[in-house]
Amino acid sequence: MADMVTLKIDQQTVTVPAGTLIVNAARNAGINIPVFCYHPKMEPVGMCRMCLVEVGYPSRNRVSGEFEKNEDGTIKIAFSPKLETSCTTPVVEGMVVKTNSELAIQGRKSILEFILTSHPLDCPVCDKGGECALQDLTMEHGPGKSRFLFDAKKRFAKHVPLGELIVLDRERCIQCGLCVRFQHEVVDDPVLHFYQRGRSLEIRTYSDPGFDSIFSGNTTDICPVGALLTVDFHLKARPWEMERVPSICSHCAVGCNLVYNIRREAMSGGKTVIKRAMPRQNEQVNEIWLCDKGRFGYHYTDATERLTQPMLRKDGKLVPVTWDEAYQRVEDKLRAEQVRLVSLAGGRLTNEDLFNFQQLNQSQNGKAVLYSQMAGGDLTAQIGLGKGTNFSDLGRGTAILVVASDLHEEAPIWWLRVKQAAERGATLIVANARKTRLDKFASHVVRFEYGQEAITIKNLLDGKGYAELESAAKAFAEAENGIVIYGSDGLGLEGSELLVKVCAKLVVERGFYGKPNNGLLAVWDKPNTQGAWDMGFHPDRNLKGTLREADVVLIAAADPVGDNPILAQALSESDFVVVFELFMTETAKMADVVFPVQSQMERLGTYTSGERRVQRFEIVLPPVDGQKADYQITAQLGRLMGLSTEDRSPVLVMNRINEKIKGYEEITYTRLAKVSEQMPLTTRDDSYYAGTSYQNEYGMGIQIASSADRGEQLFLGTLVLVEPQEEIATGIKVVPVTVLYDRGQLLQPSHILDQRLALQVVNMHPALAEKYQLEDGDHIKMMVAGKEMVSGVKLDKDVPEDVALIARSNGFPISSPVFVQIQRLVLEPEARSRG
């Protein structure tokens, strides 16, 4: 435990850990010192001077070194002749701080008067009005009037696009430097810089494209004024006009906490709409940050392409029908004698959806299949991150192994938190076939060829191999705590099964399980893949055969037809297909019955994150007529089949889950809504301290205990590894990788991100391109999954020389490594420019 220091702040005795800054010591005691340039998540710089206070230190005799005392026996306090910045001054024993002395008050007034000399008086039209730190602090501490002439104000450009997502009002900038420091220090994207000096100082971006960062939206939260704003919110609404609704991001497995600001407005035809997404503090999950995909990727909810009524195939065409007619048709098929049922679910479904889906499936002795190319949910349930794990606690003494994952693209907030753990002293080992953004912060970087993921980790376990591998193995074995994070970079389901088994073996043999800050973590590509595993859905290596042999296939939150022509052919051979969907996907087009479902925004539910934290989200938007939640549809089908399934509320479904699903015994909606005090203390009442992120008043979730946490026997399966044989195949080996901005159904309607979407190209090393006489920008024809496709070529020196990379969910039907024949195409100039 850190040494404690006792001091007085405004006559109040305060005891805090040694090294605490005065501004934080005061805040812990309920005394708020105003700041502009300080942020609790960044190193202090003391450049705005708003936090000036009087500081007195215990006086010592210069000869004896003893404390000098007053006549009454108290220690003499010698105050500094000048005010000090409380954001850079650490506390010391016996210190006395005056935050509201005449000197401190005058200092704050002078600083505010100086800041306002060239600040525009446009509060009535400023988007930040109502949540502006400068506005609030001026009202509380400002001089009331200025001695400077209005005509002498410095004029700057307004509405300057820093990129397609963020707009800058240079005239409002108070040069606190928070945005620049956030990009440089916190997220390692140094794309913002100061330009010029003095009163001419301004913020500029020199990246191409402008403000090229996946965390750019956070700068608008921490900006204390209306200088930085998101394009989709700029001049669209005022903070006090909007309601706040808590939710959970649905774009990856991190489970970031956020708040949607909504309002009912005339410009949207009287509908209630989402105006912006804001971070909600959860120091165990996303702290106070969001990636830009989570911040801007919500527009699918109001897409005009949403399905609004059930459809039934009649005379070869899908036509609108009533819910009763659609239900009846499915019931008739399920009641057929010895029906072979397959229930295919995606990781977008909630726990309540999946539970009811499984109940219906089991009643018909069906096969529950998870639509995923990643394995290991059964192992993470046994030896996943120990209950109480928090990335913020990781540092010296902890080893983190990240294998087959580009965390920056797959789970940006986990990338950020792992990076910060490494900066605090954790031993970071990155094992991947290609360079990633995490390599820069790693103590050890282990390279292997695609296809050698599992054998490489086995060698790391055995401590044999080349020098860097042996060094990494030694560092991992000697750590006090260990975490293994595995992804799907370049892997299909078969390769993922091998990798997760050897990772589990490594975790168990090193004893890194069953305790906090230890265990196995999967970088799932969907928000509730872990929940799907927990509810009994598992991937199927032979999905093609399973679909082909089925009499009835129920498909929810998955588009196998759109992803893979081979699966499309298999599904066409099944007798009857039912699809639960938001949009008319390629799979829905092939269905016999299509049920329109509500999006996450229109219903209540829970997700289980990759860290196995169950979190609830609320109803953000009013339900659309004609749509129902997945759990309601499967519950109704279950009732028609004689089951007592619950369709009244997800709260009641969760009550059944905690009775039947191991690990979920303590999960109720009431418990999920509990909150506790978090550090740093952030509230919107004093946004000058940590920005405009929302305090968590709605629930922080519950991390469910693993089998190891509960002391149960482990069943990790059998691991059989053989040295990889040299592959005998013709053509180029193409491997799938995950990108943040893919072209999935939930992201494409967010047109604000169009310029950020991954290019539909094949990425390859210049050496490989030269072998096939290809240049950057060329086009090739290739046969993939029985389908001829045309793609552009992008050269990248960071790609291994023996493979080509293709992004998942980006228009190419590749879900596992495959060899393809390619042919260079010669396009006309006009067609080339369009490509």
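The values are calculated or read from the model by the stated rules, or taken from the named source; none is laboratory data. From a predicted model like this one, the values you see are computed outputs, not experimental measurements. Because the Cβ atoms are built from the backbone with ideal geometry, glycine has one as well, and the counts that use them run over all protein chains shown. Remember, those area values only see protein heavy atoms, side chains included, never the ligands or the DNA or RNA. Shrake-Rupley method; radii C 1.70, N 1.55, O 1.52, S 1.80 Å.
For the chain, what is the mean residue ellipticity at 222 nm derived from helices alone (per DSSP H run of n ≥ 4: -39500 (n - 2.57); sum divided by total residues; nearest 500 deg cm²/dmol)?
Calculated mean residue ellipticity at 222 nm is -6500 deg cm²/dmol.
For the stretch 752-762, just list the computed ³J(HN,Hα) in residue order, Karplus coefficients 6.51, -1.76 and 1.60, θ = phi - 60°, integers in Hz, with x standing in for Gly and Pro.
Whole-Hz 3J(HN,Hα) from phi for the stretch 752-762: 4, 9, 3, 5, 8, 4, 4, 5, 8, 9, 9.
With r defined as the distance between the Cβ atoms of Trp323 and Gln713 and R0 fixed at 35 Å, what FRET efficiency is calculated, to the nearest 0.05?
About 0.15, to the nearest 0.05.
List the trypsin sites (Lys or Arg not before Pro) within the stretch 442-519 that fall in a DSSP loop (any state other than H, G, I, E or B) and whose Cβ has at most 16 other Cβ atoms within 10 Å.
Sparse-neighbourhood loop trypsin sites (Lys or Arg not before Pro): Lys464.
Could you order Trp533, Trp240 so the one with the most accessible surface comes first? Probe is 1.4 Å.
Trp240, Trp533
As an exercise, find the ratio Rg/Rh for the stretch 474-532 from alpha-carbon atoms, using the Kirkwood inverse-distance average for Rh.
Ratio of gyration radius to Kirkwood radius: 1.00.
Accessible area of the chain with a 1.4 Å probe: how many percent of it is carbon plus sulfur?
In the chain, the share of accessible area belonging to carbon and sulfur is 48 percent.
Going by average Cβ neighbours within 10 Å, how do the peptides 369-375, 39-45 rank, with the highest at the top?
Taking the mean over residues of other Cβ atoms within 10 Å, the ranking is 369-375, 39-45.
Per-residue HN-Hα couplings for the stretch 564-569, Karplus 6.51 cos²θ - 1.76 cosθ + 1.60 at θ = phi - 60°, whole Hz, x for Gly and Pro?
For the stretch 564-569, the Karplus-derived couplings read 8, x, 5, 5, 4, 5 Hz, x marking Gly and Pro.
Using a ≥ b ≥ c from the Cα gyration tensor of the stretch 13-127 (square roots of the eigenvalues), is it rounded, prolate or oblate, where a/c under 1.5 gives rounded and otherwise the larger of a/b and b/c decides, a/b for prolate?
Verdict is prolate for the stretch 13-127.
In nanometres, what is the gap between the two model label sites at Arg263 and His141, each 7 Å from Cα along Cα-to-Cβ?
3.0
Based on alpha-carbon atoms only, what is the radius of gyration of the stretch 1-79 relative to the globular estimate 2.2 N^0.38 Å?
Taking the Cα Rg and dividing by 2.2 N^0.38 Å, one obtains 1.29.
Highest mean first, how do 321-328, 479-486 rank when packing is the count of other Cβ atoms within 10 Å averaged over residues?
479-486, 321-328
What do you get for Rg/Rh of the chain when both radii come from the Cα atoms and Rh is the Kirkwood radius?
1.00
Under the Karplus relation 6.51 cos²θ - 1.76 cosθ + 1.60, θ = phi - 60°, what is the ordered set of whole-Hz ³J(HN,Hα) values for the stretch 511-516, x standing for Gly and Pro?
These are the phi-based 3J(HN,Hα) values: x, 8, 7, x, 8, x Hz.
Could you calculate the FRET efficiency of Glu243 with Val675 from 1/(1 + (r/R0)^6), where r is the beta carbon distance between them and R0 is 22 Å, rounded to 0.05?
My answer for the efficiency is 0.70.
For the modelled label position 7 Å from the Cα of Ala78 along Cα-to-Cβ, which residues of the stretch 25-64 have backbone nitrogen atoms closer than 11 Å?
57-63
Apply 1/(1 + (r/R0)^6) to the Cβ-Cβ distance of Thr117 and Asp439, taking R0 = 35 Å, and write down the FRET efficiency to the nearest 0.05.
According to the calculation, E is roughly 0.15.
Sticking with the crude label model, points 7 Å out along Cα→Cβ, report the distance from Asp378 to Ser644 in nm, one decimal please.
Here the answer is 3.1 nm between the modelled labels.
Assuming 0.36 nm per residue, please report the length gained on full extension of the stretch Lys781 to Ala477 beyond their Cα-Cα distance.
This chain segment gains 104.7 nm when fully extended.
Let me cross-check Ile262: its accessible surface, 1.4 Å probe, with only protein heavy atoms counted, in Å² to the nearest 10?
10
Got a number for the accessible area of Met654? Probe 1.4 Å, square angstrom, nearest 10.
Estimated to the nearest 10 Å², Met654 gives 0 Å².
What nm value, rounded to one decimal, do you get for the distance between Thr15 and Gln196 when each label is placed 7 Å out toward the C-beta?
Using points 7 Å along Cα→Cβ, the separation is 5.3 nm.
So between Glu509 and Leu652, what do we pick up on full extension, going 0.36 nm a residue minus the alpha carbon distance?
Length gained, Glu509 through Leu652: 47.4 nm.
What does the charge add up to near Arg329, with Lys and Arg as +1, Asp and Glu as -1, over the other residues with Cβ less than 15 Å from its Cβ?
Result for the local shell: -3.
For Asn286, which sequence-distant residues (separation of 5 or more, or a different chain) have an amide H within less than 5 Å of its own amide H, given hydrogens modelled in the peptide plane?
Result for Asn286 returns Asn257.
With every protein chain present, what accessible area does Lys367 have (1.4 Å probe, heavy atoms only), rounded to the nearest 10 Å²?
The accessible area of Lys367 comes to roughly 90 Å².
Below 8 Å between Cα atoms, with a sequence gap of 6+, how large is the relative contact order for the stretch 37-193 in percent?
21
If you count only protein heavy atoms with a 1.4 Å probe, what accessible area per residue comes out for the chain, rounded to a whole Å²?
Value for the chain: 41 Å² per residue.
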